[in-house]
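Each remark here refers to the structure printed beneath this line.
The values are calculated or read from the model by the stated rules, or taken from the named source; none is laboratory data. These numbers were taken from a predicted model, which means no experiment stands behind them. Positions of Cβ are generated from backbone atoms using ideal geometry, with glycine treated the same way; all protein chains shown enter the neighbour counts. Remember, those area values only see protein heavy atoms, side chains included, never the ligands or the DNA or RNA. Shrake-Rupley method; radii C 1.70, N 1.55, O 1.52, S 1.80 Å.
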Amino acid sequence: MTRIFIGFVICFFLLNCDKKKENATVKHKDYIISFEDRKLKKYADSLKKNSRKIIFPSIKGFYCQNQLLIDKKGNLFFYQIEYIPKICGSTIETDTIPYLSNLKPIDLIKLPPSSVNDFLVLNILSKRENEQRLIIASQNDTIKNISIFSFTNKLKAYKIRRTTQEEDTVLKYKKNNEYYNYEDIKWNEDRIILPFVKPELQKK
């Protein structure tokens with residue numbers, strides 16, 4: 001009888017360990033941007049069929065007051081831009097190409113992974129409520145460091161997307177410690193809206 005009881009206890013603990021491993025696997029599931037975007041679009045399309053008003057749970061447009069960039073190796077960089085309500089709150093849904101935001105390598109702050117959440121709390125939650133917004137942008141489609149998402153529950157709004165052409169370019173110059181001037185870059189104008197330059201001021 002004692003042996004049967006001991007065997008039952010061992011089986012119970014083994015099953016419990018398996019459940020913990022399973023929960024840990026679910027908890028640490030990678031975030032795939034393209035997959036989540038398709039889910040969001042499907043959700044929005046379903047609302048169009050059933051309601052005249054659509055409520056999107058994230059920021060419209062490409063930029064906001066605060067941007068957190070994740071490069072191809074998982075390194076984290078942070079930059080801020082001036083708060084402009086039109087950019088983060090009321091950008092029209094048809095905006096599909098980002099404008100040149102005049103980002104510079106010096107604007108990018110590299111963050112240590114171990115303290116990224118503390119950094120975001122200090123630099124975002126200390127702002128006014130309408131400025132507590134965040135863009136998470138990744139060079140890879142898959143985000144493996146999902147611990148940063150624990151911070152998003154504290155925000156008024158956030159959005160997850162791929163990095164823009166400008167962010168990729170500035171990141172490259174930042175990491176190579178090279179001089180950067182946006183006018184020297186051969187931009188793909190199908191992927192970015194450049195500032196208007198008068199013909200007489202354009203380079204020959």
Failed item in (1) part of a helix (DSSP H, G or I); (2) within 15 Å of the chain's Cα centre (by Cα); (3) polar (S, T, N, Q), with residue 123 passing the rest: (2)
Number of positions in the range 165-181 that are part of a helix (DSSP H, G or I), touching a helix residue (DSSP H, G or I) at 6+ places or on another chain (Cβ under 8 Å) and open to solvent by 30 Å² or more (accessible area, probe 1.4 Å): 2
Of all residues in the range 110-131 being surrounded by 15 or more Cβ atoms within 10 Å (Cβ to Cβ) and touching a Leu at 6+ places or on another chain (Cβ under 9 Å), the one that is nearest to residue 64 (Cα to Cα): 124
Top-ranked residue of the range 47-71 - restricted to ones that are of a type in the set (A, V, I, L, M) and either loosely packed, with under 13 Cβ neighbours inside 10 Å or out of contact with any strand residue (DSSP E or B) (no Cβ under 8 Å at 6 or more places or on another chain) (or both), ranked as modelled with the highest pLDDT: 47
Selected residue (criterion: nearest to residue 63 (Cα to Cα)) from residues of the range 132-164 that are of a type in the set (S, T, N, Q) and open to solvent by 20 Å² or more (accessible area, probe 1.4 Å): 132
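State all residues of the range 133-157 that are polar (S, T, N, Q) and not in a loop (DSSP other than H, G, I, E, B); if no residue qualifies, say none. Reasoning before the result, please.
Of the residues in the range 133-157, the ones polar (S, T, N, Q) are 138-140, 142, 145, 147, 150, 152-153.
Result: 138, 142, 147, 150, 152, 153.
Answer with yes or no whether residue 74 is at pLDDT below 90 and either closer than 21 Å to residue 140 by Cα or not basic (Lys, Arg) (or both).
no
Restricting to the range 101-120, and then to whatever is of a type in the set (A, V, I, L, M, F, W, C) and outside any loop (DSSP other than H, G, I, E, B), can you tell me which residue is nearest to residue 181 (Cα to Cα)?
Step by step, filter the range 101-120, then rank; the result is 106.
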